[in-house]
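Here, each number is a calculation from the coordinates, and none is a lab measurement. As the structure is a prediction and not an experimental result, all values here were calculated from the model. Quick reminder, even Gly has a Cβ in these numbers, built from the backbone with ideal geometry, and neighbours come from all protein chains shown.
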Amino acid sequence: MTNNSEPTRPHPTSPPGQPAPAETATRAPGPAAPADGAQPPQGPPAPDDESRTGGASGNPNPAEGRPPATDTHPNPHPPTGLQAHLVVDRPGFRLDVTLTAAPGDVLALLGPNGAGKTTALRALAGLTPLTDGHLRLDGTALEHTAPEARPVGVVFQDYLLFPHLSALDNVAFGPRCRGASKAEARAAAAAWLERMGLTPHAAAKPRRLSGGQAQRVALARALATRPRLLLLDEPLAALDARTRLEVRAQLRRHLAEFEAVSVLVTHDPLDAMVLADRLVVVEHGRVVQEGTPADIARHPRTDYIAQLVGLNLYRGQAAGHTVRLDAGPAITTTEKLSGPVFVAFPPSAVTLFRDRPSGASARNLWRCEVAGLETHGDQIRADLTGELPLAADLTTVAAAELDLHPGAPVWATVKATQTHAYPA
């Protein structure tokens, strides 16, 4: 992932001689505590009268000696959750994305390296200033609020636990910065460790923790301050495949219990599909598609998304059951459409033959050539070029029987019933 981080400043509330977890955003003054690793706020954030009070629009009434009258709030129930338009300009790159989420939602930012996911996360945390746009959380404007005064908790990819502190004291650090006594902070930390199933490891230093345990300590540290926005930057990337499966299930449960907004940044489609309620796919600093995991998996709109969800994707013009591709032959579909459309089908829908099949029931038939072969799970994935570039999955036995190898000519067929067409 592209990391455009600014230089890290020494953190004023770190334990003597130790750096704090880099750039952790924290909670504004109020009933809840700051995010982990943050200094206690030195004063209230810059006032934003219009968003915090509704604005005083009346005039004093000298006759009655009353204070200035105020209009009734136009919205007696101010918006909750996240409303953000993030614009960040850098040389050769511009991030311009809009994000909204209600309390309890888990929003996943998904995209290739360099798409702008990390920049968006840092902008939400206050670590990268906005060039333009706005950022509101529970109706309060935060775009000019310092990172340490934001009601935000962050779990970084490498967790950034204090190496010299126990798991208990790592989690207690945030509440201590907020002003809690040592006993209060440790009691709160103990409760969070119990909730994470880590009580037996409370006294362990980070080097004694497994990757999954360290991830849960970092999550507990972020949640111990009761943030209104939880940011997770590739939270499972540092785990091996076996641990990742277990921790993903645990993280899903903890996020489901979190009452505020969660934003997850990842390039792993499985993490996004399993953990998030809604996906926002970012490419080149722009949102290219958003929706539920099921909707995006069924209706990809870019090649990147199609590859993520494992589909062959094409764009063309539909006339009835025939779609003439923008670059390539026609595809017959079961849907009857008109105008610009996408057509998608899985690699498993492709059947390969070395000779042109006779009497095949498939309506779609193309002459191709094997460009490459690779193991894909328990199957072989063939990358095909020719009349229609596509990917095909087949068993190792079938690949051997067909004597597939780079350069081998093949015929590819796909039944119309296995395609899916939808408006572009």
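Of note:
- Debye intensity ratio in log₁₀ form over the Cα atoms of region 313-424, taken at each q of 0.16 Å⁻¹: -0.70
- The eigenvalues of the Cα gyration tensor, multiplied by 5 and square-rooted, give region 77-296 an equivalent ellipsoid with semi-axes of 28, 20, 16 Å from largest to smallest.
- For region 314-327, putting each phi into the Karplus relation 6.51 cos²θ - 1.76 cosθ + 1.60 with θ = phi - 60° gives couplings of 9, 10, x, 10, 8, 9, x, 8, 10, 10, 8, 5, 4, 9 Hz, in residue order, rounded to whole numbers and with x for Gly and Pro.
- Farthest toward the positive end of the dipole of region 271-399, out of Tyr314, Pro357, Val282, is the Cα of Pro357, where the dipole comes from beta carbon charges about the Cα centre.
- Mean separation of Cα contacts under 8 Å (6+ apart) over length of region 128-285, as relative contact order %: 25
- Compactness of region 231-347 as Cα Rg over 2.2 N^0.38 Å, two decimals: 1.30
- For Glu143, the residues 5 or more places off, or on other chains, whose built amide H falls under 5 Å of its own are Leu135.
- For Gln289, nonlocal amide neighbours, meaning residues 5 or more places apart or on other chains whose placed amide H falls under 5 Å from its own, are Val281.
- Size of region 88-210 as Cα extents on the principal axes (Å, biggest first): 47, 31, 26
- Residues with amide H under 5 Å from that of Val350, placed H, sequence gap 5 or more: Asp393
- Cα-centre dipole for region 312-424 with unit charges at Cβ (Lys and Arg positive, Asp and Glu negative), debye to 20: 500
- In order along region 220-236, the phi-based Karplus estimate (6.51 cos²θ - 1.76 cosθ + 1.60, θ = phi - 60°) of 3J(HN,Hα) comes to 4, 4, 5, 7, 4, 9, 6, x, 9, 9, 10, 10, 10, 9, 6, x, 10 Hz; Gly and Pro are listed as x.
- For region 81-209, relative contact order (Cα pairs under 8 Å, six or more residues apart, normalised by length) works out to 20 percent.
- Given +1 at the Cβ of Lys and Arg, -1 at the Cβ of Asp and Glu and no other charges, the dipole of region 143-251 around its Cα centre is 300 debye to the nearest 20.
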